[in-house]
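Report on the structure given below.
The values are calculated or read from the model by the stated rules, or taken from the named source; none is laboratory data. None of these values were measured; they are calculated from a predicted model. Methodologically, a virtual Cβ is constructed for each residue, glycine included, from the backbone with ideal geometry; neighbour enumeration extends over all protein chains shown.
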Amino acid sequence: MTKFYTKTGDDGYTGLLGEGRVAKHDLRIEAVGNLDEATSFLGVARAGALSPHSAPLLLQIQRDLYHIMAEVAATPENAARFRVIDAQRVSWLEEQIQSLSGGLRLPEEFILPGDSQSGAAMAVARTVVRRAERQVANLLHSDQLENHELLRYLNRLSSLCFVLELLENRASGRDDPTLAKG
(Lines give C-alpha, C1' and ligand atoms only; values in the text may rest on other atoms or scores of the structure.)
Protein backbone atom coordinates (compact mmCIF):
# COMPACT_ATOMS: atom_id res chain seq x y z
CA MET A 1 0.00 0.00 0.00
CA THR A 2 1.27 3.47 -0.91
CA LYS A 3 1.97 5.79 2.01
CA PHE A 4 0.80 9.37 1.63
CA TYR A 5 3.02 10.67 4.40
CA THR A 6 6.71 10.46 5.28
CA LYS A 7 6.83 11.74 8.88
CA THR A 8 10.01 13.66 7.98
CA GLY A 9 8.32 16.99 8.67
CA ASP A 10 7.06 16.11 12.10
CA ASP A 11 9.89 18.10 13.68
CA GLY A 12 8.85 21.36 11.98
CA TYR A 13 11.60 21.22 9.36
CA THR A 14 11.47 20.41 5.67
CA GLY A 15 13.99 19.57 2.99
CA LEU A 16 15.13 21.83 0.20
CA LEU A 17 15.99 20.72 -3.33
CA GLY A 18 19.61 19.98 -2.54
CA GLU A 19 21.32 19.37 0.76
CA GLY A 20 19.80 20.82 3.86
CA ARG A 21 16.66 21.34 5.84
CA VAL A 22 15.03 24.55 6.97
CA ALA A 23 12.24 25.45 9.37
CA LYS A 24 8.78 25.25 7.84
CA HIS A 25 8.34 28.94 8.65
CA ASP A 26 11.47 29.89 6.66
CA LEU A 27 10.79 32.68 4.16
CA ARG A 28 11.73 30.40 1.26
CA ILE A 29 9.16 27.81 2.36
CA GLU A 30 6.56 30.54 2.92
CA ALA A 31 7.15 31.73 -0.65
CA VAL A 32 6.80 28.19 -2.01
CA GLY A 33 3.59 27.76 -0.01
CA ASN A 34 2.12 30.94 -1.45
CA LEU A 35 3.13 29.96 -4.97
CA ASP A 36 1.42 26.62 -4.37
CA GLU A 37 -1.68 28.42 -3.10
CA ALA A 38 -1.68 30.65 -6.20
CA THR A 39 -1.42 27.56 -8.39
CA SER A 40 -4.40 26.06 -6.58
CA PHE A 41 -6.55 29.16 -7.01
CA LEU A 42 -5.57 29.32 -10.67
CA GLY A 43 -6.79 25.71 -10.84
CA VAL A 44 -10.12 26.76 -9.35
CA ALA A 45 -10.34 29.51 -11.97
CA ARG A 46 -9.36 27.08 -14.73
CA ALA A 47 -12.00 24.56 -13.64
CA GLY A 48 -14.73 27.20 -13.88
CA ALA A 49 -13.40 29.23 -16.81
CA LEU A 50 -16.01 30.42 -19.28
CA SER A 51 -13.80 32.14 -21.83
CA PRO A 52 -12.22 29.68 -24.28
CA HIS A 53 -8.90 31.51 -23.87
CA SER A 54 -8.63 31.12 -20.12
CA ALA A 55 -8.26 27.40 -19.36
CA PRO A 56 -5.35 26.56 -21.70
CA LEU A 57 -3.52 29.72 -20.65
CA LEU A 58 -4.03 29.02 -16.95
CA LEU A 59 -2.75 25.46 -17.36
CA GLN A 60 0.50 26.75 -18.86
CA ILE A 61 0.84 29.32 -16.08
CA GLN A 62 0.29 26.62 -13.45
CA ARG A 63 3.16 24.69 -15.04
CA ASP A 64 5.33 27.82 -14.97
CA LEU A 65 4.55 28.28 -11.27
CA TYR A 66 5.61 24.68 -10.67
CA HIS A 67 9.02 25.60 -12.13
CA ILE A 68 9.18 28.76 -10.04
CA MET A 69 8.42 26.73 -6.90
CA ALA A 70 11.25 24.33 -7.75
CA GLU A 71 13.75 27.16 -8.21
CA VAL A 72 12.67 28.89 -4.99
CA ALA A 73 12.81 25.59 -3.07
CA ALA A 74 16.31 24.80 -4.30
CA THR A 75 19.44 25.52 -2.33
CA PRO A 76 21.43 28.41 -3.84
CA GLU A 77 24.01 26.05 -5.35
CA ASN A 78 21.25 24.01 -7.06
CA ALA A 79 18.89 26.80 -8.16
CA ALA A 80 20.30 27.13 -11.69
CA ARG A 81 19.52 23.46 -12.27
CA PHE A 82 15.83 24.23 -11.88
CA ARG A 83 15.78 27.52 -13.80
CA VAL A 84 13.11 27.67 -16.50
CA ILE A 85 11.67 31.16 -16.05
CA ASP A 86 13.61 33.71 -18.04
CA ALA A 87 13.02 36.97 -19.93
CA GLN A 88 11.31 35.04 -22.74
CA ARG A 89 8.66 33.68 -20.36
CA VAL A 90 8.06 37.21 -19.05
CA SER A 91 7.68 38.44 -22.65
CA TRP A 92 5.24 35.60 -23.31
CA LEU A 93 3.08 36.81 -20.40
CA GLU A 94 3.21 40.36 -21.73
CA GLU A 95 2.05 39.08 -25.13
CA GLN A 96 -0.86 37.26 -23.47
CA ILE A 97 -1.87 40.41 -21.61
CA GLN A 98 -1.72 42.45 -24.81
CA SER A 99 -3.66 39.89 -26.81
CA LEU A 100 -6.45 39.41 -24.27
CA SER A 101 -6.89 43.03 -23.24
CA GLY A 102 -7.58 44.28 -26.76
CA GLY A 103 -11.36 44.18 -26.44
CA LEU A 104 -11.54 44.98 -22.74
CA ARG A 105 -12.21 48.34 -21.17
CA LEU A 106 -9.89 49.19 -18.25
CA PRO A 107 -12.00 50.39 -15.32
CA GLU A 108 -11.18 53.93 -14.20
CA GLU A 109 -11.37 53.00 -10.52
CA PHE A 110 -10.98 49.98 -8.29
CA ILE A 111 -13.46 47.17 -8.81
CA LEU A 112 -14.92 44.68 -6.37
CA PRO A 113 -14.51 40.98 -7.13
CA GLY A 114 -17.63 38.85 -7.38
CA ASP A 115 -19.28 39.68 -10.69
CA SER A 116 -18.77 36.06 -11.75
CA GLN A 117 -17.58 32.88 -10.08
CA SER A 118 -14.59 32.46 -12.40
CA GLY A 119 -13.75 36.17 -12.26
CA ALA A 120 -13.77 36.07 -8.47
CA ALA A 121 -11.45 33.04 -8.55
CA MET A 122 -9.07 35.06 -10.74
CA ALA A 123 -9.20 37.93 -8.23
CA VAL A 124 -8.27 35.61 -5.36
CA ALA A 125 -5.46 34.11 -7.46
CA ARG A 126 -4.20 37.64 -8.21
CA THR A 127 -3.99 38.53 -4.53
CA VAL A 128 -2.13 35.32 -3.68
CA VAL A 129 0.27 35.91 -6.60
CA ARG A 130 0.92 39.40 -5.18
CA ARG A 131 1.71 37.90 -1.76
CA ALA A 132 4.11 35.40 -3.35
CA GLU A 133 5.63 38.27 -5.35
CA ARG A 134 6.35 40.19 -2.14
CA GLN A 135 8.04 37.15 -0.64
CA VAL A 136 10.12 36.47 -3.75
CA ALA A 137 11.15 40.16 -3.70
CA ASN A 138 12.27 39.72 -0.11
CA LEU A 139 14.31 36.64 -1.06
CA LEU A 140 15.90 38.51 -3.97
CA HIS A 141 16.67 41.61 -1.92
CA SER A 142 18.26 39.50 0.82
CA ASP A 143 20.38 37.63 -1.77
CA GLN A 144 18.68 34.29 -1.16
CA LEU A 145 17.58 34.13 -4.83
CA GLU A 146 19.37 35.43 -7.88
CA ASN A 147 16.90 35.08 -10.77
CA HIS A 148 15.18 38.47 -11.05
CA GLU A 149 12.97 37.14 -13.85
CA LEU A 150 10.95 35.30 -11.19
CA LEU A 151 9.89 38.63 -9.74
CA ARG A 152 9.12 40.10 -13.16
CA TYR A 153 7.08 37.02 -14.06
CA LEU A 154 4.99 37.22 -10.89
CA ASN A 155 4.45 40.95 -11.41
CA ARG A 156 3.14 40.37 -14.94
CA LEU A 157 1.11 37.38 -13.78
CA SER A 158 -0.84 39.52 -11.33
CA SER A 159 -1.65 41.90 -14.20
CA LEU A 160 -2.74 38.98 -16.36
CA CYS A 161 -4.96 37.71 -13.55
CA PHE A 162 -6.73 41.08 -13.52
CA VAL A 163 -7.23 40.94 -17.30
CA LEU A 164 -8.55 37.38 -16.99
CA GLU A 165 -10.92 38.50 -14.23
CA LEU A 166 -12.39 41.09 -16.59
CA LEU A 167 -12.47 38.55 -19.45
CA GLU A 168 -14.24 35.97 -17.30
CA ASN A 169 -16.74 38.55 -16.10
CA ARG A 170 -17.48 39.47 -19.71
CA ALA A 171 -17.85 35.80 -20.68
CA SER A 172 -20.47 35.48 -17.94
CA GLY A 173 -22.39 38.47 -19.32
CA ARG A 174 -21.01 41.10 -16.95
CA ASP A 175 -19.27 43.73 -19.10
CA ASP A 176 -19.47 46.44 -16.46
CA PRO A 177 -17.62 45.51 -13.27
CA THR A 178 -18.90 46.48 -9.85
CA LEU A 179 -17.04 49.62 -8.84
CA ALA A 180 -15.63 49.93 -5.35
CA LYS A 181 -17.00 53.43 -4.78
CA GLY A 182 -20.50 52.48 -5.91
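Observations, loosely collected:
- If you go through the stretch 152-164 and pick out every residue that is farther than 14 Å from Ala38 by Cβ and either of a type in the set (D, E, K, R) or free of Cβ contacts under 8 Å to residues at least 40 places away in the same chain (or both), you end up with 1.
- Among the candidates Leu50, Leu139, residue that is in a helix (DSSP H, G or I), over 15 Å from the mean Cα position of the chain (by Cα) and not acidic (Asp, Glu): Leu139
- Considering the conditions (1) in contact with a helix residue (DSSP H, G or I) (Cβ under 6 Å, 6 or more places away or on another chain); (2) surrounded by fewer than 16 Cβ atoms within 10 Å (Cβ to Cβ), Leu35 is excluded by exactly one of them, (2).
- Among the candidates Arg134, Arg130, the residue that is in contact (Cβ under 8 Å) with a residue 24 or more places away in the chain, assigned to a helix (DSSP H, G or I) and either among the β-branched types (Val, Ile, Thr) or surrounded by fewer than 19 Cβ atoms within 10 Å (Cβ to Cβ) (or both) is uniquely Arg130.
- Residue among Val84, Val124, Val44, Val90 that alone is within 19 Å of Leu154 (Cβ to Cβ), outside any helix (DSSP H, G or I) and touching a residue at least 12 places away in the same chain (Cβ under 8 Å): Val84
- In the stretch 51-80, the residues that are within 19 Å of Ser142 (Cβ to Cβ) and among the hydroxyl-bearing types (Ser, Thr, Tyr) reach residues that are surrounded by 15 or more Cβ atoms within 10 Å (Cβ to Cβ) and modelled with pLDDT under 95 with C-beta atoms within less than 8 angstrom, at least six apart or across chains, in these pairs: Thr75/Leu16; Thr75/Leu17.
- Counting only residues that are farther than 16 Å from Arg126 by Cα, assigned to a helix (DSSP H, G or I) and not aliphatic (A, V, I, L, M), the stretch 158-182 holds 1 of them.
- Listed by first and then second residue, the pairs with beta-carbon distance under 6 Å, at least 6 apart or on different chains, first residue in the stretch 95-110 and more than 16 Å from Leu57 (Cα to Cα), second surrounded by fewer than 15 Cβ atoms within 10 Å (Cβ to Cβ) and not basic (Lys, Arg), are Glu109/Leu179; Phe110/Ala180.
Conditions tested, residue by residue: (1) surrounded by fewer than 21 Cβ atoms within 10 Å (Cβ to Cβ); (2) in contact with a Ser or Thr (Cβ under 6 Å, 6 or more places away or on another chain); (3) under 22 Å from Ala38 (Cβ atoms).
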residue	(1), (2), (3)
His141	yes, no, yes
Leu145	no, no, yes
Leu150	no, no, yes
Leu166	no, no, yes
Arg170	yes, no, no
Gly173	yes, no, no
Thr178	yes, no, no
Gly182	yes, no, no
